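Here is the structure we will look at, set down as structure tokens.
The values are calculated or read from the model by the stated rules, or taken from the named source; none is laboratory data. Note that the coordinates shown come from a computational prediction; the quantities given were computed from them, not determined experimentally. A quick note on method: Cβ atoms are made from the backbone with ideal geometry, for glycine too, and the neighbour counts reach across all protein chains shown.
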Amino acid sequence: MSLATSHPGHYSVGPTMNQTATTSPLIVTIDGPAGAGKSTVARTLAAALGVDFLDTGAMYRGVAAAAINAGIDPEKSEAVADLAEQLRIKFNWDSDPPVLHIDGLDMTHRLRDADVTSAASVIAANGRVRQVLVRAQRWIGKQHPRLVTEGRDQGSVVFPDATVKFYLDAAADVRARRRADQLRAAGRAADERKILEQIRYRDQRDSSRSDGPLICPDNAQRIDTSDMSFDEVVELLTHRVREAVAG
């Protein structure tokens, strides 16, 4: 099977406002460490702005789930990369948030599982996998040119010329508490101490990897959300994007 990014037909772009928009492109990137609330903030910001939302973390988690399902050890970098190059990675843009499909399977139920989370941390440091997914994300950006996209390298690597760049951060213990609350709200067990250990380990791994390390991108607005409510964060980002667009 061919690499999805080399064959546009492998993407399920679907009709969205982006295909009929008469306004100029708008790419907003939100980067930051694990547990900073990027996905939820990005999704809500996209809705407020009337544009599409891309959760790039879901793509790495999707590859991780596919590797686990195939019985491939995430540490076997070449085998995982070979798999990633063959996967059919699609989003259903008619859903909110867009639903990730890997080889035709809805992966939503697997993305936050503990084994997938652990494997995704390893796979995100795989240079070849990152190349595959960066190409995929740039392709999505062409198909959806009015987009809020979140991850760890969106403003630094994937969309360095983004209209507006944000870097969300928060203290590690705050991020651990938020992630635990998120899991509990979904009806899942959460060990906050273990989550904190995982976050600290992920911070070190993400910031020290050679491919697409976690950094605050050039020209990004850095925002510490430790003492901010969710609504305050979204309101601030919405204001700053509209301010930037207005010139």
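I'd like to know if region 52-73 contains one or more residues that are within 20 Å of Arg242 (Cβ to Cβ), polar (S, T, N, Q) and part of a helix (DSSP H, G or I). No: zero hits. One residue alone among Val129, Val174 is under 18 Å from Asp31 (Cα atoms) and out of contact with any Asp or Glu (no Cβ under 7 Å at 6 or more places or on another chain), and that residue is Val174. Has region 188-203 got at least one residue that is among the charged types (D, E, K, R), outside any loop (DSSP other than H, G, I, E, B) and in contact with a Cys (Cβ under 7 Å, 6 or more places away or on another chain)? No, there is no match, as no residue in region 188-203 is among the charged types (D, E, K, R), outside any loop (DSSP other than H, G, I, E, B) and in contact with a Cys (Cβ under 7 Å, 6 or more places away or on another chain).
Residue pairs whose Cβ atoms lie under 8 Å apart, separated by 6 or more positions or on different chains, with the first residue in region 230-247 and among the charged types (D, E, K, R) and the second in a helix (DSSP H, G or I), are Arg242/Leu49. Kindly establish whether Val132 is outside any loop (DSSP other than H, G, I, E, B), at pLDDT 95 or above, among the aliphatic types (A, V, I, L, M) and under 29 Å from Val99 (Cβ atoms). In short, yes. For region 142-155, a tally of residues being buried (at least 22 other Cβ atoms within 10 Å of the Cβ) and part of a helix (DSSP H, G or I) returns 2. Among the residues of region 47-90, those that are surrounded by 23 or more Cβ atoms within 10 Å (Cβ to Cβ), more than 23 Å from Ser118 (Cα to Cα) and among the hydrophobic types (A, V, I, L, M, F, W, C) comprise Val51, Phe53.
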